[in-house]
Structure formats: C-alpha cells, structure tokens
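Written out below as structure tokens is the structure these notes cover.
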Amino acid sequence: MEDEDGDGRADCMVVSSNGLTLSISNDRNRDGQYDYRDHYLYGRVVRSEADNDFDGQFDEWATFYFGFPATVETDADGDGRGDIFSAYTNGVLSYSTIRMTTGKRDFFTEYYEHGIRSKVVIQKDGMERSLKCGKYGQIEFSEE
Ligand SMILES: [Ca+2]
Ligand SMILES: [Ca+2]
Ligand SMILES: [Ca+2]
C-alpha cells in the first residue's frame, strides 16, 4: 500500500505472489475508492478495468496483447454492461461495435483500415445495412 499524497489513505495497492505482480490498483481521484486496476501475467499487463466517472462501478474493461491494447469495452449508459466494444490489431483500431439503445440486437459497427474508418454496418431489427466510407473515413450515403 502506498500513500503518495500523505492523507493517510492508500492511493495505490499492489498485489503480488512469489515476487510477481498480479495487480496494481489506483485511486486516481483520491476519494478513497480504487478506480483503476491493471492485472498482470508474468510481468506484463494483460487486462485493466477503470471507473472513469468515479461512481464506484467499473465502466471500461481492456485487454492487452504484448503491451498493445487488444480489446476495449465501455459501459456508456452506466448499467454495468459494456455498450461499446472496440478491437485492435497490432495496437491499431480495427473495428468498433456500439450497442444501440433501440433494441437488444441492434448494433452499429465501424470497421477501420490503417486507422481510417472504411465501412459502417448497421444491424437493426435483423436487417443489415452496409455503408462505405470515403478516403477520409466519411460515410458515403450513395447506394451501391
Ligand atoms: Ca477513486
Ligand atoms: Ca463508473
Ligand atoms: Ca451499458
């Protein structure tokens, strides 16, 4: 336990076993509750969770592959379940899926190539619509 600002409360907690770090928790806004945690495997971060609005509930979960982000899931509406799921390839965003509030099975997925949005797929009421993107990632609404 460490208390960097000297207020008597721990701001950082390291959990380790046999000399290997298992997790590090941080209290970034110093309110006495941990709001960021990294999980380690053989000395590398493999997973993290964050409470970015500091309400005591984690709202962002990430996985890492060789130090690069692999997936990030975000709870945008605060119900404790992820609504935005992003996947990365070699640390570069490859696609991002947003669960729409209109229904359980409605999704909005953006695909990326070399970091630029290349395609948008909308799934709604069991129907799928694909929209192409221009070279700057803008959606082109012209029908194919
Ligand atoms: Ca906190
Ligand atoms: Ca939260
Ligand atoms: Ca949610």
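The values are calculated or read from the model by the stated rules, or taken from the named source; none is laboratory data. Keep in mind the model is a prediction, meaning the values are calculated, not measured. Cβ placement follows ideal geometry from the backbone for every residue including glycine, while neighbour counts extend to all protein chains displayed.
Brief remarks follow.
- Of the residues making up segment 116-141, just one is at positive phi and surrounded by 10 or more Cβ atoms within 10 Å (Cβ to Cβ), namely Gly137.
- Checklist (1) within 13 Å of ligand 2 (Cβ to nearest atom); (2) assigned by TED's automatic domain parsing to the domain that holds Ile116; (3) touching a residue at least 12 places away in the same chain (Cβ under 8 Å) applied to Asn90, failing item: (1)
- Segment 63-79: number of residues that are within 16 Å of ligand 3 (Cβ to nearest atom) and on the phi > 0 side of the Ramachandran plot: 1
- Tally, over segment 27-62, of residues that are surrounded by fewer than 17 Cβ atoms within 10 Å (Cβ to Cβ), more than 16 Å from ligand 3 (Cβ to nearest atom) and among the polar types (S, T, N, Q): 2
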